[in-house]
Protein chains: 2
Amino acid sequence: MSNQGIEAFDSKVCGVCGDIALGYNFNAVTCESCKAFFRRNALKVKTFHCPFQEKCNLTAVTRRFCQKCRLEKCFLIGMKKELILSPEEKEIKRRKIMANKSVESKPCCDLIRNETKIDSATAQTNFNHFSFTYSLPNTITSIIYKAVELEFEPCSVTRTSVSNELTSTELERLDELINANEDFFAPISIETLLVGHIKDIITLTAIAVRRLIKMSKLISAFKNMCQDDQMALLKGGCTELMILRSVMTYDPNKNTWKIPYSKKEIKDLKIDVLKEAKSNIYDEHQQFLRTFNEEWRTNQNIMLLLSAIILFSPERPKIIHRDVVKLEQNSYYYLLRRYLESIYPGCKARSTFLKLIQKVSELHQINENHIKFFLDFNPHDIEPLLIEIFDLKMH
Amino acid sequence: MSNQGIEAFDSKVCGVCGDIALGYNFNAVTCESCKAFFRRNALKVKTFHCPFQEKCNLTAVTRRFCQKCRLEKCFLIGMKKELILSPEEKEIKRRKIMANKSVESKPCCDLIRNETKIDSATAQTNFNHFSFTYSLPNTITSIIYKAVELEFEPCSVTRTSVSNELTSTELERLDELINANEDFFAPISIETLLVGHIKDIITLTAIAVRRLIKMSKLISAFKNMCQDDQMALLKGGCTELMILRSVMTYDPNKNTWKIPYSKKEIKDLKIDVLKEAKSNIYDEHQQFLRTFNEEWRTNQNIMLLLSAIILFSPERPKIIHRDVVKLEQNSYYYLLRRYLESIYPGCKARSTFLKLIQKVSELHQINENHIKFFLDFNPHDIEPLLIEIFDLKMH
DNA sequence: CGCTGTTCACATAGTTCA
DNA sequence: TGAACTATGTGAACAGCG
Ligand SMILES: [Zn+2]
Ligand SMILES: [Zn+2]
Ligand SMILES: [Zn+2]
Ligand SMILES: [Zn+2]
C-alpha cells in the first residue's frame, strides 16, 4: 500500500483501516479503497460473513480479509449510505455531464447569444421611464417566497443554536449508567481479605462479578432483554468488563491496582500477581493498561460508556436477539461519540472516538486468552458463581 | 438528436441573465456572476425595490440594474437558498481545510500508524481459528444505525415513557390516524369497473390517490404544513403509499388483492397483472408482499403508523421545510416504537421495530430503483389530481 | 469474472481581488 | 460586482489478483 509516508497525518488516517486518508468520504475520513469498498457494498442486500469472531482488527493489510467487519466498521465510524448516489441520481448526473460534453464538442450556434443581445437592446427601452413602484408581493412566487421565509425564520433560529451539549434524552441515558454504577466501587473489606497472591484476582473477580450483575440489572435496556440474552451477555462480557474495570483502578506509577479496602484505606495490589498465571496474560494485560490514555481512564463517563458498549456485544455466543443487542450497543456508541463532542472540539472528539473504538477492539482480542486463565485453577478454589459465569464445569 | 444539441446549448446559458454559464449553481444553470449574486443576497432579510415595473428584462448588461428582479428570477428558475452554506457549515468547512493545511506542514505523530502495525501483526494470529459465527444480515445492520439516530433525534412530541402503556396524547395521535383512514377502504364500485388488466392498477391508483389526499388532509400535522410541502410530500410519497396499501389488501393464499368492490362483494385482483409491466417490478413487489409478516399486515395500527411515517418523508424532492417534516416523521417513528412496546415484550418490540424500519427502507428502495425507472410512473401524473384537490390556479 | 484499490474526471461549493 | 481561483467529495474506469 501507499503506506511509506511515515510522516503520518493524525487527522489523515482512515478511520476504518488506518491507511492514509485524503479526506472525507461518505461522511467519514477514509482512504480511497475503503471509500470504494463502501460505495460498492453498503447498499448490497447480500450479507457478508466473518470468517472469524466478528471482531477482526482492520488494517491496510487485513482489511480485505473480512468484508463483514470492514463494512461494520465503516458504519461504526459514521459512514452514511444515504450519501451514495442512487441509480436515479446517477442518471441525472450522467445526463448533466453528457449535456456539457455535447456542448463543448460543438463550437456552434451563437443563436442564443444573439438573442441575448436583442434582449439587452429591448431592456434598454425600459430605462426610459423611471417610476418607483412599491413592490407589492403580487406574484404567486413572491407570496410563496415570503411565506417560506416567514416560516423558516423561527425554525432556523432554533437550529443555529446547535451546540454540542448533550440533549436531555442523551443525558438521561448517561445518568442511568452513572446511577447504576454508584456502588460498584464501594469498599470490599467486609467481604474479603487480600493476601497479595494471584488468588486475590479470583476473590476480587467474584466480588466484581456479583456487583456487575447487580449493576446491569439497573440498566433498563438490559433489564428489558429476555432472560436468556441477559445471561448470555453477562457470560460473554464478564472477562472484558473485569479487565476494563481494572483499568479504572490502575496506578501507572506503582504498577498496581488501588483496591478500596475500607472507607479510609486503599490497598495496592501489584499487577505482578498476573505473572503467576500459567498462561501469558501479564504482558498483554499490562500493555493494555499502559496504553490506556490517562485522560480516558480517569473520566468516569467514558469508562461507563465503554462498559455499556462491551456489555452489549452482539457477537457473544448464544445470543437470541442479536439485532436488539446491536441496537443497544450502537446507542451507546452514539452516546460516546456525542459525549466526546460535548467535551472536546470536533477534531479531537473524532480522533478520540476512533482510538476508543480501537481499544474496544483490543479488549476483544485480549479476552480470548484471559478466558483460559481460570482454567488453570482447581475448580474447588473458585466460587460456584464464577464457575457458572465462566462455564468452568468441564473439569 | 440535433434537438438535443440545442437543448444542450441551452443548458450552458445562465437561466437568469443569458450570459455564459459553466454549470449548475445552487440548483440552476447560471453564470458565475449570478451565482455570486445569489450567494450574497438570497439570505438577506432586506427586500430590494425595483426601479421599474417589476418586469425587468435581465441580460448580461442589465442584470445589475435591478436586484429585485434579478433575485426574483433566481428563485423562479429554481435556485435554492438552502444550498448556500450556513455560517456554521462554513465554519466546519474552514476547520477541515485548516486541519488539512496544518497536517501537511507538520510531519507529526505516527502514533496511530505504529499501533496499526502492531495490530496487523496480532491480526495474523486470528487466522488460526476458523469458525463461522452467525452474522446479522447486512440490511439489518445499517437499519440499526438509523434506529439509533431515531432514538436520539428530536421529535415534535415529548417523550415520557414511564410505563409501556400509551399515554393519552399518544393515543390521541393514533386515533387521529384511525379516523382519517376511515373511509379509505370504502367500496369503489360506483367509481369504476375492473377489467383484470394492468390498467386496473392505474384506475385503482387514481381512486386511491384521491382518497389518500383526502386522508392526509385530515391529519393535523399534515394540514399545518405549507402547501408546497404538502404537495411535495404527496407527489413524492404516493407511489410508496400505494404499495403499502396494497400490502394491506393482499391475500397471500390466492396471491391476489382483495378489492372492496361493493359493500358485500369483494373482488380479487390477481397480482399477476403486474407481470404485464416492463420490468421485474412484479418480482420486487411480490417479494415485498411475501416478506411482509402477517402479524404486521393485519394490524391496522401498525400499518397506519407506517403510512404516516412514509408520508412524512423528509427526503422527498422539493421539500422546503425538511426539518419540520423530519420532526413529524420522528414523532411517528416514536409513536410506532411506543405502540410496539405496548403490545409486545421488550425484546420483541425492539426487534419488530427494527424490522418495520427495514420495510420502510425496502419500500423506498423499490420506489427509487424500479418504479421510477422502469414503470415510468411519473409523479407528474398525479399533478392534475393535486391541482384539483388543492384548487390551485396555475398560470 | 468478481473483488480490490488506484487514478482520474467532474460538479459545484467558497474565496479573493481588481 | 464578477472573473479567476481553490477545495472537496462524488463517481468512473482500469489494471491486477485469485
Ligand atoms: Zn481504509
Ligand atoms: Zn471479521
Ligand atoms: Zn447570469
Ligand atoms: Zn426590476
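Bear in mind these aren't lab numbers, they're just calculated from the coordinates by the rules spelled out. Just so you know, these numbers come straight off a predicted model, no measurement behind them. For neighbour counting, all protein chains shown are included, and Cβ atoms are generated from backbone atoms with ideal geometry for every residue, glycine included.
At a glance:
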{"quantity": "Inter-probe distance in nm under a simple model that places probes 7 Å from Cα toward Cβ, at A:Lys348 and B:Thr160", "calculated": "3.9 nm"}
{"quantity": "Compactness of the range A:168-390 - radius of gyration and Dmax, Cα, Å", "calculated": "17.1, 52"}
{"quantity": "32 Å Cα-Cα threshold exceeded, pairs from A:Lys12/A:Lys93; A:Lys80/B:Lys73; B:Lys93/B:Lys223", "calculated": "A:Lys80/B:Lys73; B:Lys93/B:Lys223"}
{"quantity": "DSSP-loop trypsin sites (Lys or Arg not before Pro) across the range B:25-96, with at most 13 other Cβ within 10 angstrom", "calculated": "B:Lys44, B:Lys46, B:Lys55"}
{"quantity": "Neighbourhood net charge (10 Å Cβ-Cβ; Lys/Arg +1, Asp/Glu -1) for A:Ile84", "calculated": "+3"}
{"quantity": "Amide H within-cut-off set for B:Asp251, under 5 Å, with H built and near neighbours excluded", "calculated": "B:Thr256, B:Trp257, B:Lys258"}
{"quantity": "Contour minus Cα-Cα distance for A:Trp296 and A:Ala36 (0.36 nm per residue)", "calculated": "90.3 nm"}
{"quantity": "Around B:Leu218: net Lys/Arg minus Asp/Glu count, Cβ-Cβ under 15 Å", "calculated": "0"}
{"quantity": "Per residue convex hull volume, Cα atoms of the range A:23-83, in Å³", "calculated": "76 Å³"}
{"quantity": "5 angstrom amide H check on A:Ile20, placed H, neighbours 5+ away", "calculated": "A:Cys14"}
{"quantity": "A:Ile198-B:Asn253 pseudo-label distance in nm [points 7 Å out on the Cα-to-Cβ vector]", "calculated": "6.8 nm"}
{"quantity": "Interchain or long-range residues, amide H under 5 Å from B:Asn25's placed H", "calculated": "B:Thr30"}
{"quantity": "Copy-to-copy label separations for B:Thr298, where each label sits 7 Å from Cα toward Cβ, in nm and ascending", "calculated": "6.3"}
{"quantity": "Förster-model FRET efficiency, 30 Å R0, B:Phe152 and A:Val45, C-beta, rounded to 0.05", "calculated": "0.65"}
